[in-house]
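**Student:** Below are the structure tokens for one structure; questions will follow.
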Amino acid sequence: MQRIPGSVTIDDVARHVGVAKGTVSRVLNNYTDISDATRKRILQAVKELGYQPSATARNLKRGRQDTLGIVIPVGHGSGADPFLAEFIDGIARALDELGLDLLVTTAHSREHMIETLHRLVARRKVDGFIITRTEVNDPRVAFLSEKEFPFVAHGRTSDPSGYAWFDIDNEAAFADGVRHLYSLGHERIGFIGGSLELNFALQRLHGYRQGLEALGVPHDPDLESLQDVSEKGGFAGARALLSLDRPPTALLCVTDALAIGVVQFCRKYGLKVGSDVTVIGYDGLPVGEYLDPPLTTFSQSAQDAGGRVARKLIDVLDGKDPKSLQALAKAVLIRRASDGAPSMTPDELSKLFRHRLNHQPHSDTKGE
């Protein structure tokens, strides 16, 4: 009769070979005081019977659950952000290769986040946490550091010195983005960002301003729109900036989700992306390649980032110094068709947009 995998016990193996249960246990735990002949018989029986050691018993002995955790903050539009889906997929793929599991849950506020972390730590549900969407002053980092519970951050806080993290040089990327747009002939460059509690959003805003300053372009706060980092936020940001008397001819967005919302807005009002309005995103999400037109974006592979932080957390759990596990990578500009030289002046763009806005059917509210 074929046994169900996992139903074979160590007692079954011992009876099959005709040895004591302790002898089987010592072979499985790599003790060297068992003869080679007996060891071979036991290992052959393990293979034939399909014996699998109890994961629960093994983990209790090791003090590990073989499970990592991630608590996703929902709010600021992050619950709808496709970057997080790609990021989690990267984590799961890396852990699958190592035979480990991922526990994913959500929190709807800062207080709920800490409550959730506290519960999972107290119950030892996971061996360590991956933190994403780091805040400038992140209560998760403070809590886990105080508890001395293992974690790795995707992103940094205002003080990134004491823990493991992987991040992209956000400031350099957005300074490069401004230079690129200026080289195409854009002088009115808009910025659509996210909540400045989010460290990546703050860094990208700093990079945008640094890029303007380096070029001697006066900073105009009217060209900055902070929104939820979602498609809806991008739609709202495009409306705010393109409604200005002298609108920007190029829009630099802190996420691809925002940029997709901008593209949707432009399509609704008959503005050609890549000529009437240039749009650049940030994330390198696969969906951007299939937009009409395909999205120019700064690429940071979400899947790769997920895999990298997962492996860093394994290193932390294996005893490596978290301070030695800090890495800063560079984003790469992937040019497609949503960026180009301006086809009209800001004044001409304003006139065109107002004409399209006035002739838009009032019943059409798609995207709003």
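The values are calculated or read from the model by the stated rules, or taken from the named source; none is laboratory data. Keep in mind the model is a prediction, meaning the values are calculated, not measured. For neighbour counting, all protein chains shown are included, and Cβ atoms are generated from backbone atoms with ideal geometry for every residue, glycine included. For the accessible areas, the whole protein counts, side chains as well, though only heavy atoms, and no ligand, DNA or RNA atoms are used. Shrake-Rupley method; radii C 1.70, N 1.55, O 1.52, S 1.80 Å.
**Student:** Whole number in Å², please: accessible area per residue of region 10-53, 1.4 Å probe, ligands, DNA and RNA not counted.
**Tutor:** I get 65 Å² per residue for region 10-53.
**Student:** Moving to a separate point now. Could you work out what % of the accessible surface of the chain is carbon and sulfur, using a 1.4 angstrom probe and leaving DNA, RNA and ligands out of the count?
**Tutor:** Carbon-and-sulfur percentage of accessible area, whole number: 49.
**Student:** While we're looking at this one, here's another question. For a Förster distance of 30 Å, can you work out the FRET efficiency between the beta-carbons of E111 and A327, rounded to the nearest 0.05?
**Tutor:** 0.45
**Student:** Still on this structure, please answer the following. How far, in degrees from 0 to 90, does helix 256-268 lean away from the longest principal axis of the Cα atoms of the chain, to the nearest 10?
**Tutor:** 40
**Student:** To test your reading of the geometry: what angle, between 0 and 90 degrees and rounded to tens, separates the Cα axis of helix 110-122 from the longest principal axis of the chain?
**Tutor:** 10
**Student:** A follow-up question, please. Counting only heavy atoms of the protein chains, get the accessible area per residue of region 86-161 (1.4 Å probe) and round it to a whole Å² value. Provide the component values of the computation, followed by the final result.
**Tutor:** Details: 3730 Å² over 76 residues.
With all protein chains present, region 86-161 gives 49 Å² per residue.
**Student:** If you don't mind, another one. For V277, list long-range residues whose amide hydrogen, built 1.01 Å from N in the peptide plane, is under 5 Å from its own amide hydrogen.
**Tutor:** When sequence neighbours closer than 5 places are left aside, the close amide H contacts are K272.
**Student:** With no solvent and one point on each alpha carbon, what is the Debye value of log10 I(q)/I(0) for the chain at q = 0.10 Å⁻¹?
**Tutor:** Values, matching the q order: -0.70.
**Student:** Shifting gears a bit: Tell me which residues come under 5 Å, amide H to amide H, from Q326 once H is placed; ignore anything under 5 positions away on its chain.
**Tutor:** It is W165, by chain and number.
**Student:** On a 0 to 90° scale, report how tilted helix 302-317 is relative to the longest principal axis of the chain, with both axes built from alpha carbons and the result rounded to the nearest 10.
**Tutor:** For 302-317 against the chain, the angle is about 40 degrees.
**Student:** Give the Rg/Rh ratio for region 10-53, taking Rg as the radius of gyration of the Cα atoms and Rh as the Kirkwood radius, to two decimals. Before the final figure, lay out each step's value.
**Tutor:** Working: Rg = 9.0 Å, Rh = 10.0 Å.
Rg/Rh for region 10-53 comes to 0.90.
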